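Novice: The structure that follows is given in the form of structure tokens.
Every number in this text was worked out from the coordinates using simple rules, so none of it is lab data. Everything numeric here is computed off the predicted structure, so don't read it as measured data.
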Amino acid sequence: MTTSPAPDVDVVLPCLNEAGALPWVLARVPAGWRALVVDNGSTDGSADLARSLGATVVTEPRRGFGAACHAGLTAATADVVCFCDCDASLDPALLAPFVREIRAGTSDLVLGRRRPTAGGAWPVHARAGNLALARMLRRRTGLRLHDLGPLRAARREGLLALGLTDRRSGYPLQMVVRAADAGWRVAEHDVPYLPRTGVSKVTGTWRGTWHAVRDMRRVLAEAPAVRAGRGSGVR
């Protein structure tokens with residue numbers, strides 16, 4: 001029996017009915033990296049399609065963006081783990097310089113700041129909610145961040161050590177808050193944001209955006225964790 005080589009990088013792709021976007025997304029994952037498609041209850045054949053395209057499929061029956069992301073993180077084995085939406089709004093190839101920055105040791109967490117390429121790429125209500133949360137995040141952590149986007153990279157062991165508990169929309173925010181509390185060096189870089197394929201399950205409606213903001217406000221209300229770490233800042 002042959003043993004598959006260890007992946008250079010694991011890319012966690014939370015997925016709920018993204019069959020229309022999967023071919024483009026998976027084709028853009030850099031060579032040598034492993035795509036971990038976390039199926040979060042799809043009914044459109046996304047899981048089977050992802051397998052047929054060479055991805056590793058992780059099943060997470062508990063609904064929630066954070067549940068899917070964390071299932072992917074715990075299934076990962078590579079030293080560096082990346083996260084990317086599976087709706088074709090973000091190009092996984094853009095993660096390559098993020099990974100280089102992590103490996104060079106200049107940053108502990110690298111985030112993508114979404115820059116819409118078209119008028120309909122980022123609905124007004126979703127952008128307004130993101131802006132308000134980014135301002136609250138800056139007050140909470142002192143990090144000069146502008147976006148809570150899903151494109152990000154960090155070392156797997158460090159992420160697991162953060163003890164992330166949110167399993168809903170607050171997961172990406174909790175990751176940044178706890179990283180800041182741990183003294184991580186956080187960097188943010190502009191990335192093009194494309195019109196997504198299909199309708200967003202989180203911020204596609206005002207109601208979805210409200211639920212996401214509620215989840216994230218709950219995370220911001222957490223007491224700061226006392227953790228050892230290096231000095232924080234944003235590049």
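Novice: For region 45-109, what are Rg and Dmax over the alpha carbons, in angstrom?
Specialist: 13.5, 40
Novice: How high is the relative contact order of region 87-176, in percent, counting Cα pairs under 8 Å that sit 6 or more residues apart?
Specialist: 33 percent
Novice: Can you tell me the mean projection area, over all orientations, of the convex hull of region 1-83's alpha carbons? Units nm², please.
Specialist: 5.5 nm²
Novice: Hey, if you drop one equal point scatterer on each alpha-carbon of region 9-223 and run the Debye formula without solvent, what base-10 log of I(q)/I(0) do you get at q = 0.10, 0.14 Å⁻¹?
Specialist: -0.38, -0.79
Novice: Okay, next question. Please state the Cα pair-distance histogram of region 33-158 with 10 angstrom bins from zero: what percent is in each bin?
Specialist: Here the calculated profile for region 33-158 is 11, 36, 38, 14, 1.
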